[in-house]
1. Set the Förster radius R0 to 22 Å, insert the Cβ-Cβ distance between residue 62 and residue 148 as r into 1/(1 + (r/R0)^6), and round the FRET efficiency to 0.05.
2. Measure off 7 Å from each Cα along the Cα-to-Cβ vector at residue 75 and residue 36, then give the distance between these two points in nanometres to one decimal.
3. Quick one: if you stick a label point 7 Å off each Cα along the C-beta vector at residue 14 and residue 113, how many nm between them?
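Throughout, read-outs are computed from the coordinates displayed, never taken from laboratory work. Computed from a predicted model, the values in this text were never measured in an experiment. No Cβ is skipped: glycine too gets one built from the backbone with ideal geometry, and neighbour counts run over all protein chains shown.
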Amino acid sequence: MDDPRDYTKDPARSANFIELGGNAGLYSLNWDYIFYYKEKFKISGRIGANVFPKGIYLEQAYVIENNYILLKNPHHIELGPGLTLQVKHNPTCLADSIYQWENIWFGMFRIGYRYQPQEDGFFFRAGITPIFYRNSDCGPEFPVTRQWFWAGVAFGITF
């Protein structure tokens, strides 16, 4: 039989969660991994995705994010840059595509609170994600640059 896990030597580093709002839009399904772990400073990477219907089409968004996690367990301040790609159907698109799909890139920065204990269990985060750049292939619906403030809240498990 294996010995019980010592979370002081081998802390829970992964988290699976659903984020409502945030830089992926309405919602996203995500995986986050802390790849640098110290008591008061951690660095994590996140990937996420969502799919949402728009008429007969399924649009998607993909998220990649890097976060700097400050303070001792389990309550943290979370800061970091990220990038979102939205694959969007736009019938007014003037690009040379029969399907009229466009790729929109969002640059963002997260400022928020993160609850992630050293042990397996509940994961929570909330924050604002100001979007500082947005680019569209198709012009009129989205200007070349735009600034927005999004907010998001996430619930999940850490292991």
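1. Values: r = 18 Å, r/R0 = 0.82.
For R0 = 22 Å, the calculated efficiency reads 0.75.
2. In this crude spin-label approximation the distance works out to 2.5 nm.
3. 2.8
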